[in-house]
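> Can you read through this structure? Questions will come right after.
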Amino acid sequence: MQPFTFRLGIFHGSVLCWLLVSNPVNADITPDTTLPVNSTVTSQGTVKVIDGGTLQGENLLHSFKDFSFSNLTPETTGNTAYFNNDLAVKNIITRVTGGLPSNIDGIIKANGTANLFIINPAGIVFGQNASLDIGGSFIASTATSLKFPDGKEFSAVDTATTPLLTINVPIGLQFGANSGAIINQSQASPDNAVNSAGLPVGLRVESGKTLALVSNSLLLEGGNLTASDGRVELGSVAPNSFVSLNEINQNYILGYTDIQNFGDIQLSGGAVVDTSGDSGGTVQIQGQNITLIDNSQVFYYSFLESTGQNLIINATDSLKLSGGSFIGTFAEGTGQAGDVLVKASEIDIQGTTPDGIYPSGLGSQVCTFLTNCENVTGNGGNLIVEAEKLFLRDGAIIDASTFGAGKAGNVQIKAFDFIEIIGSSPDDQIPSGIFAQVGIYAPDIAGDAGNLTIETPRLTILDGGQISAAGRTGGKGGNLTINASNSIILSGAAKTATRNIRRSGIFASAEPGATRDAGELKITTEQLIVENNAEISANNFGLQKGGTATLNVRKLILRNGGEVRARSFGEGSGGELIVNSDEFVEITGSGSINSEAFASALSTSSEAAGKAGNLIINTPILNVRDGGEVTVSATGSGAAGNLTANANTIRLNQGKLTAETNAGEGANISLENLQLLTLQNQSLISAEAFNNANGGNIIIDAPDGFIVAVPNQNNDIVANAFQGQGGKIDITARSIFSVAERRSTPANTTNDIDASSEFGLTGSITINTPDVDPSRGLVQLPENLTDASQQIVSSCNPGSVASRSSFTITGRGGIARSPMEPLQGEVAIARWIKLDTQTQPQASNITPVPPPDQIVEAQSWIFDNKGNVTLVAQAPTIAANGSSISSATCGVW
């Protein structure tokens, strides 16, 4: 992941737009005659001196028919509109009544610290050379009037009467039915002044003051706005709206509380809004659709110890950023940067600058310039994003990171419909994603990464998109928490991906060089699907402990190379991987990246000296098939973790449960609370050890369950070793079918249980099955034999078919003690008797006793077409001649 930085270059906007609005050649600054004391304008070279006006309290009122001046030729460069006010004036309030837009392409100047208001309902255009030389705040608007607390208005439309303004402070801007746009193209650099990005300041107010542009439509076409430690207000509202003005120390905060509908705002051509300073100022942008394109930027740097202000972006419809555009705050001193607060119905951020270096995005960063970062102890601001829908595409990012000693801010994202993170930059160097991290160039005393929290019904990450919380050097990794009430889908990888980089994924890690713990990873959702080479991982490359990864799901599906991994690559231990599933866990198939094939897998591992974490699975059903794997392993000198599966049903169909170790004691597998374990098509349960390591232990606990293997398919349960001692296998089950204790060899096709060692001591195998009670389910027979005479109907006529009687012989036949023994029949022989031919048929007085229900032990099992196993009882039959019949239990599937 590349550091979140911005581009210092800028695109210049076209100057043609305002020329289309009006023809400024004939425009000028022309007073009207609507005030008690009218304004006067005199020219002194390139300076238009504005005197007069009506003074009411601390407000100085001016009214103009036209208010335009421009630099169309080199001879007119430096044109200035100079308000020659008294220093006691607090507010200069100017209206334009002639119905033409104001085209301003020079300097607006006033005396002292007076605030300057300009309202022109027809529109205002600031050209490339427009600049401000005033000591107070500047508010330009296409509102029709300025309202005061006593209900009076200073209107640019209704000029018949001039109100007596007995209260000095204006309280709001009232818009009419028709209002024009405000366009800013200013690239002015008075006295070669540049902003904190080294670009022209454009329209600039003094430190701590407000610069506000409010209209029905607002366009910054390559034009810059600068308010060091001050406030920039950009608002676009629908007709007939009222925008409140709240004064605090000659600063104005705009309010939009009662407004239902808004207009559009667009920053293009590399436009820059900058409030950098000792602490950093506020930016508030309020509109319906807010769009930043062409590397346009809204940001501030906080350079000293003070706490910075917030950047507030509210779009009732959409916020769109592209072409490397970004919104962010940056801490460069000892003070904390402010937060970035973004709210929109739809947020769509995509792409990078044309050279592919700088991403579009939202950011908060500590020590952007990457110099003397160990002295930057201020914390980064938080990123708080709220939307219905959030799109991040083609390298776009949301990032809170630290490259200094200060702690990075937290990231909190809430999307009420869905979040989609797709793809990467054209060269695959910048993945689309959401990041909370310690930067790659951070010093050894780096601050901690912030926490990353995401809430949404649906989260989709495709084609190399990522979510990551990473710690580096001395910075601890932040916690990563994702709550998706419906589903999470991760799929695919970037075009240049390898097994370990640029895969679609969710990551919590301590990166190489990290000296502190990784953060925790917690995912909660109904359905989690990881497929087509995507992954979820909690990795530890550092010296301390890896974070625990916990998945709380109803359904977990890993397929076609999807992986969930917790790994240790250094001296630090790996974190545990815990899966809690309410319905099932399914792991199936394999994937391939750049010809490297690998299985879909749940796994923990150690590849160096650190101990791997345990893998714990709690689920009713665990299905591992078609090459899928569940594994704990240690390929280096560290110890492997243990694998515990608490499941009622485990089905392995060409699937593996393995615990492999390269050194020390073996890893263990524990299968608990089983009702059914089935093995098919070369499935394997293995706690194998290599080199001098001892084999691990396998414990299968199914006291009331069954273990069933398909015959002759090489399904094995092994705890083997190479030079160390073989492991221990302990199986408790009600019945075990088609798997037996014998030596497992690669060439055989038998189903084996083996705990041997190639060159060391053999391990132990214990198989516990309950004794079979041959009397279980049988009926207690009476000690006295039945009186045969009572079993014969006595009223039938001999020789007549209808009158013939039959009788039942009660014998001593029984069921075999086990399914492998033949059935034995013993038939008692009774003597024949002859009936009296005169005897009439009589009804029997014997009331038959219904036979009791018998509980029959399972004698066989069957597989249906879905692979489900059903245990069945097959009652044997006995031939009349008493011959033996073998049990029909063997080989029936």
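> Restricting attention to region 592-615, and to residues there that are assigned to a strand (DSSP E or B) and under 23 Å from the mean Cα position of the chain (by Cα), which single residue is nearest to D463 (Cα to Cα)? Steps first, answer last, please.
As a first pass, look at region 592-615 and keep what is assigned to a strand (DSSP E or B): 592-593, 596-599, 601-606, 615.
Keeping just the survivors that are under 23 Å from the mean Cα position of the chain (by Cα) gives 601-604, 615.
Details: A601: 19, L602: 21, S603: 23, T604: 25, L615: 28 Å.
So the residue we want is A601.
> Within region 253-333, considering only strands (runs of 3 or more DSSP E) that don't extend past its boundaries, which have at least 2 residues that are free of Cβ contacts under 8 Å to residues at least 60 places away in the same chain, in the same structural domain as L225 (by TED's automatic domain parsing) and under 23 Å from G409 (Cβ atoms)? Break it down into steps so the answer makes sense when it comes.
Details: elements: 264-268, 272-274, 282-292, 297-302, 311-322, 326-331.
Of the strands (runs of 3 or more DSSP E) lying wholly inside region 253-333, those with at least 2 residues that are free of Cβ contacts under 8 Å to residues at least 60 places away in the same chain, in the same structural domain as L225 (by TED's automatic domain parsing) and under 23 Å from G409 (Cβ atoms) span 282-292, 311-322, 326-331.
> Moving on. Tell me, which residue of region 647-671 that is closer than 24 Å to A693 by Cα and hydroxyl-bearing (S, T, Y) is nearest to the chain's Cα centre (by Cα)?
Of region 647-671, the ones closer than 24 Å to A693 by Cα are 656-671.
With the extra rule that they be hydroxyl-bearing (S, T, Y), the set shrinks to 658, 661, 670.
Values: T658: 30, T661: 33, S670: 32 Å.
That would be T658.
> What are the residue pairs meeting all of these: first residue in region 395-424, first residue closer than 13 Å to V385 by Cβ, second residue assigned to a strand (DSSP E or B) and of a type in the set (F, W, Y), Cβ atoms under 6 Å, and 6 or more apart or on different chains?
D399/F435
> Considering region 442-484 alone, what residues qualify as being over 17 Å from I384 (Cβ atoms) and β-branched (V, I, T)?
Within region 442-484, I445, T460, I461, T473 qualify.
> Within region 289-336, which residues are under 19 Å from G439 (Cβ atoms), of a type in the set (S, T, N, Q) and more than 28 Å from the chain's Cα centre (by Cα)?
S302, T334
> Would you call N85 closer than 17 Å to P31 by Cβ and out of contact with any helix residue (DSSP H, G or I) (no Cβ under 9 Å at 6 or more places or on another chain)?
Values: closer than 17 Å to P31 by Cβ: yes; out of contact with any helix residue (DSSP H, G or I) (no Cβ under 9 Å at 6 or more places or on another chain): yes.
Criteria met by N85.
> Quick one: in region 319-336, which of the residues that are surrounded by 24 or more Cβ atoms within 10 Å (Cβ to Cβ) and among the β-branched types (V, I, T) is nearest to A271 (Cα to Cα)?
In this case the residue turns out to be I327.
> Condition (residue is among the charged types (D, E, K, R), under 37 Å from the mean Cα position of the chain (by Cα) and in the same structural domain as N261 (by TED's automatic domain parsing)) applied to region 198-209: is it met by at least one residue? If you could, list the steps in order and put the result at the bottom.
Within region 198-209, the subset among the charged types (D, E, K, R) is 204, 206, 209.
Subsequent filtering for residues that are under 37 Å from the mean Cα position of the chain (by Cα) retains none.
So far as region 198-209 goes, no, none of its residues is among the charged types (D, E, K, R), under 37 Å from the mean Cα position of the chain (by Cα) and in the same structural domain as N261 (by TED's automatic domain parsing).
> Here is a follow-up. Are any residues in region 544-600 closer than 17 Å to L521 by Cβ and among the small types (G, A, S), and if so, which ones? Reasoning before the result, please.
Going residue by residue through region 544-600, those that are closer than 17 Å to L521 by Cβ are 544-553, 556, 558, 562-569, 572-581.
Matches in region 544-600: G546, G547, A549, G562, A566, S568, G572, S573, G574, G575, S581.
> Go through region 156-182 and give me each residue that's modelled with pLDDT of 95 or more and touching a Leu at 6+ places or on another chain (Cβ under 8 Å).
Answer for region 156-182, where residues must be modelled with pLDDT of 95 or more and touching a Leu at 6+ places or on another chain (Cβ under 8 Å): G172, L173, Q174, A181, I182.
> Would region 196-206 turn up any residue that is out of contact with any Lys or Arg (no Cβ under 8 Å at 6 or more places or on another chain), among the basic types (K, R) and modelled with pLDDT of 95 or more? Step through it out loud before you land on a result.
Start the filter on region 196-206 by keeping residues that are out of contact with any Lys or Arg (no Cβ under 8 Å at 6 or more places or on another chain), which leaves 196-206.
Now narrow it down to the ones that are among the basic types (K, R): 204.
When the remaining residues are screened for being modelled with pLDDT of 95 or more, the result is 204.
Yes, that holds for at least one residue.
Quick grid of which residues meet (1) under 21 Å from G447 (Cα atoms); (2) aliphatic (A, V, I, L, M):
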site	(1), (2)
S302	yes, no
I313	no, yes
S318	no, no
G324	no, no
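> Take region 433-472 and flag every residue that is under 17 Å from D394 (Cα atoms) and not in a strand (DSSP E or B).
D463, G464, G465, listed by residue number.
> Something else: For region 437-483, which positions are among the hydroxyl-bearing types (S, T, Y) and over 15 Å from Q365 (Cα atoms)?
Initially, region 437-483 is screened for residues among the hydroxyl-bearing types (S, T, Y), giving 441, 453, 456, 460, 468, 473, 481.
Of everything in region 437-483, those that are among the hydroxyl-bearing types (S, T, Y) and over 15 Å from Q365 (Cα atoms) turn out to be T453, T456, T460, S468, T473, T481.
> When you scan region 548-562, do you find a residue that is small (G, A, S), assigned to a loop (DSSP other than H, G, I, E, B) and farther than 18 Å from G471 by Cα, even just one? Write out each step before concluding.
Of the residues in region 548-562, the ones small (G, A, S) are 549, 561-562.
Now restrict to residues that are assigned to a loop (DSSP other than H, G, I, E, B): 561-562.
Next, only the ones that are farther than 18 Å from G471 by Cα stay: 561-562.
The answer is yes; a qualifying residue exists.
> A further question on this structure: Would you kindly identify the strands (runs of 3 or more DSSP E) lying entirely within region 33-150 that contain at least 3 residues that are assigned by TED's automatic domain parsing to the domain that holds E221 and in contact (Cβ under 8 Å) with a residue 24 or more places away in the chain?
Once the strands (runs of 3 or more DSSP E) in region 33-150 are filtered for at least 3 residues that are assigned by TED's automatic domain parsing to the domain that holds E221 and in contact (Cβ under 8 Å) with a residue 24 or more places away in the chain, what remains is 47-52, 54-56, 59-67, 80-83, 91-96, 102-104, 107-110, 115-119, 124-126, 131-133, 138-141, 145-147.
> Counting just the residues of region 719-746 that are of a type outside the set (K, R), outside any loop (DSSP other than H, G, I, E, B) and more than 23 Å from F690 (Cα to Cα), which one comes out modelled with the lowest pLDDT? Outline the logic, then answer.
Our first condition is that a residue be of a type outside the set (K, R); within region 719-746, this holds for 719-727, 729-733, 735-741, 744-746.
Restricting the remaining residues to those that are outside any loop (DSSP other than H, G, I, E, B) gives 721, 729-733, 735-737, 740-741.
So of that shortlist, the ones also more than 23 Å from F690 (Cα to Cα) come out as 731-733, 735-737, 740.
Values: I731: 97, T732: 97, A733: 96, S735: 95, I736: 95, F737: 95, A740: 92.
It comes out as A740.
> Filter region 205-227 down to the residues that are surrounded by fewer than 24 Cβ atoms within 10 Å (Cβ to Cβ) and more than 15 Å from A181 (Cα to Cα) and list them by number.
E206, S207, G208 - these are the residues of region 205-227 that are surrounded by fewer than 24 Cβ atoms within 10 Å (Cβ to Cβ) and more than 15 Å from A181 (Cα to Cα).
Here's the yes/no breakdown for (1) within 18 Å of A331 (Cβ to Cβ); (2) of a type in the set (S, T, N, Q); (3) assigned by TED's automatic domain parsing to the domain that holds S276:
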| site | (1), (2), (3) |
| --- | --- |
| G380 | yes, no, no |
| I398 | yes, no, no |
| S401 | yes, yes, no |
| A408 | yes, no, no |
| E420 | no, no, no |
| I434 | no, no, no |
| I454 | no, no, no |
| L462 | no, no, no |
| A469 | no, no, no |
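> Could you please let me know if S131 is surrounded by 22 or more Cβ atoms within 10 Å (Cβ to Cβ), of a type in the set (S, T, N, Q) and over 30 Å from S268 (Cα atoms)? Write out each step before concluding.
Values: surrounded by 22 or more Cβ atoms within 10 Å (Cβ to Cβ): yes; of a type in the set (S, T, N, Q): yes; over 30 Å from S268 (Cα atoms): no.
Taking the combined requirement at face value, the residue does not satisfy it.
Residue by residue, here is whether (1) surrounded by fewer than 18 Cβ atoms within 10 Å (Cβ to Cβ); (2) touching a helix residue (DSSP H, G or I) at 6+ places or on another chain (Cβ under 6 Å); (3) at negative phi; (4) among the polar types (S, T, N, Q) holds:
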residue	(1), (2), (3), (4)
Q680	no, no, yes, yes
S683	no, no, yes, yes
G696	no, no, yes, no
A709	no, no, yes, no
I717	no, no, yes, no
V739	no, no, yes, no
S744	no, no, yes, yes
L761	yes, no, yes, no
S764	yes, no, yes, yes
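For (1) in a strand (DSSP E or B); (2) of a type in the set (D, E); (3) out of contact with any His (no Cβ under 8 Å at 6 or more places or on another chain); (4) crowded, with 24+ Cβ neighbours inside 10 Å, each residue gets a yes or a no:
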position: G338; (1), (2), (3), (4): no, no, yes, yes
position: S345; (1), (2), (3), (4): yes, no, yes, no
position: I349; (1), (2), (3), (4): yes, no, yes, yes
position: T371; (1), (2), (3), (4): no, no, yes, no
position: E374; (1), (2), (3), (4): no, yes, yes, no
position: T377; (1), (2), (3), (4): no, no, yes, no
position: A405; (1), (2), (3), (4): no, no, yes, no
position: A408; (1), (2), (3), (4): no, no, yes, yes
position: A415; (1), (2), (3), (4): yes, no, yes, no
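> If you don't mind, another one. Tally time: how many residues in region 166-190 are buried (at least 24 other Cβ atoms within 10 Å of the Cβ) and within 15 Å of P239 (Cα to Cα)?
Qualifying residue count for the region: 4.
> Here is a further query. Every residue in region 521-547 that is in a loop (DSSP other than H, G, I, E, B) and modelled with pLDDT under 95, please. Full working, then the answer.
So the first thing to find is which residues in region 521-547 are in a loop (DSSP other than H, G, I, E, B), and the list is 532-534, 541-547.
Within region 521-547, F541, G542, L543, Q544, K545, G546, G547 meet the criteria.
The values are calculated or read from the model by the stated rules, or taken from the named source; none is laboratory data. Since we're looking at a predicted model, the values are computed, not measured. Heads up, the Cβs are rebuilt from the backbone with ideal geometry, glycines too, and the neighbour counts pull from every protein chain shown.
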